[in-house]
Each structure stands twice: as structure tokens, then as C-alpha cells.
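Nothing in this text is a laboratory measurement; each read-out follows from the coordinates by a stated rule. Just so you know, these numbers come straight off a predicted model, no measurement behind them. Cβ placement follows ideal geometry from the backbone for every residue including glycine, while neighbour counts extend to all protein chains displayed.
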Amino acid sequence: MLYSALQSLFSHWRRQPGQLAMLVLGLALATALWSGVQAINAEARASYDRAAQTLGQDSLPRLSRADGQPVPLSDYIALRRAGYLVSPVIAGEVRSTNARLRIQGIDPLTAPEAAQGPALDGGLDLAAFFTAPGLLLVSPGTAAGPLPPDLPRLVEADGIPPNAALTDISTAARLTGQTDPSFLLVAPEQPRGLPPLSEATDLVLSQPQETSDIARLTDSFHLNLTAFGLLSFAVGLFIVHAAIGLAFEQRRASFRTLRALGLPLRSLLTALALEISTIAVLSGLAGIALGYAIAAALMPGVAGTLRGLYGATVPGTLSFDPVWAISALVITLLGAAAATAQAMLRTARMPLLSPAQPRAWAQAAGRTIRSQGIAALVLFIASGLILQFGHGLVAGFAVLATLLVGAALMLPVFLTVLLNRVEKLTRAPFLQWVMADTRQQIPGLSLALMALLLALAANIGVSTMVGSFRGTFLGWLDQRLAAELYVGARDEEQAIALAEWLAPRSEAVLPIISTDVRLLDLPGEVFGMADHATYRDNWPLLSATPDAWDRLFAGEAVLINEQLFRREALALGQEIVITDDLTLPIAGVYSDYGNPSGQAIIGFDLFRALFPDAPLTRFAVRVPTEDAPDLASAIRETFDVPTELVRNQAQIKRFSIEVFEQTFRVTGALNVLTLGVAGLALLTSLLTLASLRLPQLAPVWAIGTPRKVLARTELARSILLAALTWALSLPVGLALAWVLLAVVNVEAFGWRLPMQVFPADWVKLLGLSLVAAVLAASLPSLRLARTPPARLLQVFSQER
Amino acid sequence: MVNSFLNIESVSKSYPGSDGPVSVLRGVDLSLAAGETLALTGESGSGKSTLLHLAAALDAPDSGSIRLDGVEFAGLGDSDRAALRREKIGLVFQQFNLVPSLTVAANISLQARLAGRHDADLSARLVERLGLNAVVDRYPEQLSGGQQQRVAIARALAARPALILADEPTGNLDEATGDTVLSLLLDLVAETNAGLLMVTHSTRLADRLSRRVHLSQGRIAMPASAA
């Protein structure tokens, strides 16, 4: 019996291949967008984990010097002799003009197990690892190059992050030219009876963080991607819902017939569930393949973004993970179940006799619209309350979610009220009918229009954010990169010669010097700034005490970046620790877009006194703009420095802008895909309605309205609804942008941007949504215009 | 009635209306013997279709008893009612109610397959007798009204039901086609020895059946009598 029922159900799809294609497309797109984003996230996270595992940085405490300099070998030997289980690590980098390789040298004999990484598990030629020239364990991707020249033998191993090599400490010392350990790893279990390490050494003991710095910093980016993935998935499900709704609606009479012929309701519902599950599994598999393709296409952009913004190294390629595929399939099935639930419930409740009357359906829809209006108001209030009282990134996204869902629910109410008003104002009978008829269609179209609203609002929101970002960032770059040339030397000796050579050839040579420190217990950087008008006149301060510059250069105060200021909720005048012996009051806060870490600036003289070993190899050079290219060439020729060490302002700006452009290329691509999916949802809904609307259209045709006019009216109606949806999406999108800039961005990145609006983009989006509406409505309208009179006449001879 | 196959006793049914319940059937008694054909006539709204739906276990009465082949309908759940229809009843509707996505051949065998007793020979004979040979691979929308109703009759008979319930089976057909379709139905009912309860407006068609019952305002207005 079930087999016969299934045969009968599947026969519908054979007769309606277009509808099946729409359903498969909806499910596949929803799965693809969701799983693609998940694949990117999973790949990136796996990459951080690999890095953390290999370098052991997350799992073990470490001892290092407060000033960031290497740990003297004598300190290490003293600790070992005292019985402490510590192990030296040399971390450095080998560079060439076109490649760089991070070197991590460990001492396998003393290294705690957690620091040895999976690469050292069995099968390794230990003799070659320990003895010169040694060998480097690298990932297959890294081994493929490009690599700096003159490296020891490479051995491919899993679990090593990209552009990094794990090796013996002696090999690392030879490659980096560093003899003392960069830091000491501390085994978790120390011998009993020893005094605490803090009493045995002056080195600073830092505890492992629950999540690595990179994971913490990139979480916000992944959350952003996940939110987009979820939004795309939801929009995709609108198509599925519409396609399933159409299929159920068209087969309502068949369901009734099957039941009248003796198919029990339970068997019918089982057959329907089997039918949808089969389609969902097949579509899900197609979606996974598509998602993999999307992820693979976006991955280089994501890798670039993560590298540019956070310094997190993620390979630009994607590996296939069966767990990811299975979870995507489960999500597809759950999504299909969610989209089918309403139709299944309707089928279960459908009386065997007395087909549902359109008017009764419209009345029920009217009640739904009122409930939706109330739910929307509740969500808006919730959004306001979370905004007022919530904290953290999750609260930011909760504001976004309540705002978007509330707006989506409000859309049918907005359209119904508006059409009601117009209907009452107009006296032309045909227009009155159009308005009334459009109002009656809103329940059927509302899901697709909601999808369009979400896609448009997301588009406006994200493009406003990106535009604001770009505008502010460019202005900031102009201020921040005030010098015409930025020059680096190979070493300090060359730097001194360079500075002497530059002095008579330029207006000013300003040193750029920095060192890594811990600012308020998190990794940060401190810069030394020379007293010059370049900074006093151009440096972008968000807030400052009146004498900030004088106090800074006198060594009495510090400037800090906005990220540190906001993250630690600091205030001007508050003191922060620069070194163990020095605290300084905050005299000003500067914007520092693109940098996730805390940063502080002190006067140059004070910096040299505090960190005498910090190498001074970089300079900002002030020359007339037109002289910059010639001077750059002269520096390269005279000092034989690599091209990348001499950059003019324009080059650096171009590079920085590229980093930011890449950041939003991913979200931009998702934006376009989401809008496309919303267009498809609209097409599916219009096709659904077209097949159900003949009883409404036939009488109007019969009393003298040509089919062409009816078809044109259908087209115009879709354009009208799309335009109204766009109108509502504007305030929603702007609110979304504001939340992204003022709430989510501050929580995620630590800085706030002034919001700028771009009306030209809105007009472009209006054009796009109208095109989508025309494309979606063309097919149903064309069909209507070509509907044979006999088909329209059937409405009068048959009960539907 | 002695040896009656379908027994309807004191059946009442009402539907909710804007001014309170609207009584459609008021204590109707009716019975049908195996192999007997009975026409149920009456004005629009007299309760003919409602009585047919109750007899088909598509709906349940407010009070009274309906038994088919000794099985009391009261207390049967959805699955049991569905099984009863599948096993014992063949339904012919005014609107044909064919499954549009199935071919004529698949439509004809649908109920028999659901009941698990598909007989290809019987289906082929029905196709032959009803003159559907040329259209077995077509879909319902490609058929005329008369052809669709013949498919519906074939579907009802292909499952070898003991009782055929037909609701205005010629209501959507012109007079000549209606006459042809009814003749075929009566011939096939006689050949299979099934009982037939047919709702119709037409006294002319009703007279072609062995008995006729007239319903008026939910009551039997004319006692069962030989035509």
C-alpha cells in the first residue's frame, strides 16, 4: 500500500519537473550556502588548532622576559639544575624576497609531550632530526613552496601549520642566528617540594589561555560568517517552503482522492515524509557539492582576510571532511522538515470532505497577520531592551536577530495596511480590485517577500557598513600615513648609515621603533614616537587631554589605541603599566583600524631608555611628494635594500586598502548569493499563486478585462510589492548597519566607526530588486496571457 | 430488510451554521441488498450527498447506526474506515477525482493496488469494456469528461468492491454521454454482482435502477419501492 502511495506521490514530480527543480534548487542552495560557510569556518578553526597543537602555545605555561628579549641560556640551565621541568624553544623566521618561513625549534628530549606535536610521533628519522644539517617538518602545502633558499631537508608531516616548520632547537638556532631561547615551556607537572617558579626566577610566567589569541580574535569573524550562512540558509528555506507549499496545494485534491480510495491518513503522511526525505537527501548531496565549490572559491579570500586582519595563517585551500558533509545533510533534512511541517500539518488537519474555501483561508490569514504584527512589536521591544542592557558579541547578534525577524514579521502588516489605505482612497473600480486582490495575495506571498526583505536589508546593512568602513579608513590612512616614504634597513648598522645619508636629503627622518609587551595582561605593542609636527598635526586622536602631545614627548604620558581603550573600559588620565617599573597616565586615544591588539605610544627618548635593545631599523621620511619616487630609487641603489623595505605612502595605502577590500569580498559574495536566492523564492511563490489564482482572475476576465491586461497587472503588482518591500528594507538595513557598526563591531573588533550613508547604492538595489521582481513575475504573467479561454472557462464549470 | 448488505438506521447529521446547527439528515433509515441497485433522488440540499458520504465512511453521523457487511461504522478509527473503503467500497464522484499526475492505466489500478489485489486481467477487461484502449497512456487532463468518468468507473470496479457508491456520476456529462456511462456502470455492476447506491437529480436516470428513494429536507419522502 505504501509503495503504491509513494508511486502516486512521485508521479506528481514526473509531471512537474520545473517544480521539482525549484525544490531541489532551494534545498541545494540552502545547504550549499550554509555548509559552505561551515566548511570555511571548520577549515580555519582546524588550522588554528593545528598551529596551537604544533607550537604548544595554548596548552602550556611559558617563561619569558618582560621586555620580549630572548631568555639567557644561563637562566634556563639554572632552572634545570634546580630541578624544574622547563624546555627551551627558539622561535624565529627565515625570509627571502618572496617567501618567509616561521621556525619553531624545540628540544625533544626536554619538551613536554604536549609541545612535541603529532609530527614527532613515530616513523621520524630522529638521528637526522638531531644532527646537522637537521631537517624541517613542514606541511605538504608549505613544502610545495615558495620557500626561502638554503634550508635543511624538508620532511612532510601532518599537523604543521602553513608557512611554519618544526625542527630541533639546534637547527632553529642555526637558521635564525639566535642562540638563546625565545621562551621556556613549563611542564604542567613539576617535581614535588620545589618552590613556585615565580620565586625561582625573574622571568615572567604566563599561563595558557583557554583559547588562543588567534582563535579569540578570529571568533568574531567566524561569527559574522556564521550569521550570514544562517541568513542564507533561512532564505533558501523560503524557496523550499514555497515549492513544497505549491506541491501540496496542487495535490490537495489527490490527497483527498487517495484517502477516499482507502489510504489511511497515517500512511499518507508517512509516504509524504518519505518522499520529502528522499528529495532532501538527494538535494542535500547536490548542495554539499555546491557548498564545497562555494567554500573553495571563497577560501582564498577568507585566508587573505584572516592573514591581513589577524595575522592568522590559514591555507587558501579546502580539504574535504566527511563529518562536515554528514552534518550538512542532517541540517538539510531538518530544514526540509521545518519547511514541510506546515504543509504536513495542513494535510493532517484537512477534512476529507468540504475543500477549504479561499475566503475561509483568507480569514485565517487575516488572523495570522494580526498575530504577526503583535509578535513583531514584541521582538522590536526585545531588541531595544537587549541593546540597552545586553553586553558582548552575542547580545549584539541577538539585537540583529530580533530586529530582522521583527521586521520580516512586520512586512505583511505594513503591506496590508498600506494597500487597504490605497484601496479606500481610490475610486477607479479596476484599481480597487487590484488593491483588494493584491491584499488577498499577501498571505501567500509573504514568505517570499520576507525573504526578499531580509536579503535587501542585509545588503543595505552590510554595504553601508563596508562603505562607512572604507570611507573612514581611507581618511584615517591619509592622516596616519603622513610621511612620504617608509624605509627599512637590514640591520641596525645599516639603519644608522641610512639615517645619516637621508638627513641632508630630506625634510625629516623619523624613527619607527616598537617592541612586543604585555599590555594589561594581553599581548600588545609599544611604539616610540619622535617629537615632530608630522604627528602633532596629523595623528588621528579620538579623544585627548589638552596637553597630550607635550606630555607624551616629555615622557609623562602615553597614547593608546581605541581597541585597548574600549576593551579594558579605560578613561583618560587612568594609569597603565608599560614595564614592571613604569606606569603612565593615558593622555589620548587614537584610532587604529585593522589592528586587533592593544597598542601604546610613548615618547622616543623614553622608549630608548626603557627598551635599549629594541632594534631601530625603520624610518618615516618627509620629503616633497614629487621627490619621493626618486629618493626611493636612490636608497635602493645606494644601500642595496630589498624593494619591500622601501615603500612610498601610496604603496602602503594600496596594500592596506587591499586588505580591507578582501575582508568584505567574502560577505559581498554571500550578499549577492542571498539576493539571488530571494529572487528565486519570489519566483516560486508567484508560480504557486499563479496556479491557484485562476478562480479570482476568471470572473474579471469574463466581465471584459483582456488576458493581456490581467497579465500586465500581475507584472505591475509584483513590481509594486518589490518596491514596497525595498522601501521597508531601507530603515531595517540602516538599523542593521548601525547595530553592526556601533554594537557588533565594537564588541568584535574593538573600534567604532561613524556611519555614512550611500543613497546611490540604495537606488541601485531598488533597481536590482525590481529586476528580480520582473524576472520572477514574467513567467507567471506570460502564462496567464497565454492561458486558453477554455482553461479559464473551466473555473465556472468545475469546483476547485 | 432481509439479507441487506448496507444498513442505515435512524441516521441524523447536522452541520454548524451561522444561526446554530443546520440539520441535514433527520433519522434516515435505508438498506441495500447485495447486488441491488438503488437511486437516491432529491432536491439540492436535501442531504443526498451527505448520506452517500456517511455510507462511504467519509464522514460520521451525529446519531444512528451504519453497518456494511455486518461491520458497524461507529467507533472505527481513520485507519479502519480507510481499510473499509479500500476493501469493500468503490467510489464514483461527479468531479471524477482522478489523480492528475497518473496515467489512465495507473489511475484505474490505483485502488486495487492500495488494497493489494491488483488484477491485470480485470483491469484490461474493464479498459476494453469501457472503450479506453486508445487512452490508457494518457493523463486525465487529456481526456474528455465522459472519458474521465469512465476511468473513474473502471477504477471503482477494478478493486472488486462489494458496494459502489456513485455521487451524480453523470452530473458533469451531456445527456447522451451520461446515458452511455450509466449503461456501462449498470452492466458492470450486474456482472460483478456489486451493490450500487447512486445519487442523482434525474428521475429519468433513477428509473433505470432497481429501486428509488427520494430524500426531502433530510427525510425519506418516498418509501423504497420497485421502479
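Below, the figures for the structure above:
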| read-out | value |
| --- | --- |
| Region A:725-735 - phi-based ³J(HN,Hα) in whole Hz, Karplus 6.51/-1.76/1.60, Gly and Pro as x | 5, 4, 4, 6, 5, 4, x, 5, x, 5, 4 |
| Partners for B:LYS88 among lysines (Cα-Cα distance below 16 Å; same-chain residues under 8 apart left out) | none |
| Eligible aspartates and glutamates near B:LYS48 by straight Cα distance, threshold 19 Å, same-chain separation 8 or greater | A:GLU799, B:GLU9, B:ASP29, B:GLU36, B:ASP59, B:ASP62, B:ASP167, B:GLU168, B:ASP207 |
| Shielding of B:52-62 by partner chains, average beta-carbon count, 10 Å | 2 |
| Shielding by other protein chains, A:522-530, mean Cβ within 10 Å | 0 |
| Separation in nanometres of the label points that stand 7 Å from Cα toward Cβ, at A:THR270 and A:VAL700 | 4.5 |
| Per-peptide average of other Cβ atoms within 10 Å, ordering A:379-392, A:459-472 highest first | A:459-472, A:379-392 |
| Hz values of 3J(HN,Hα) by residue in region A:385-396 - Karplus curve (6.51, -1.76, 1.60), Gly and Pro given as x | 5, 5, 4, 6, 10, x, 9, x, 5, 4, 4, x |
| Protection proxy ranking of B:94-105, A:563-574 - average other beta-carbon atoms within 10 Å, highest first | B:94-105, A:563-574 |
| DSSP bridge pairs, chain B: antiparallel proportion in percent, nearest 5 | 55 |
| Net +/- balance of residues flanking B:ALA190 in space, Cβ distance below 14 Å, scoring K and R +1, D and E -1 | -1 |
| Packing rank of B:158-168, B:191-201, where each peptide gets the mean count of other beta carbons within 10 Å, highest leading | B:158-168, B:191-201 |
| Number of partner chain Cβ atoms within 10 Å, mean per residue of B:76-86 | 5 |
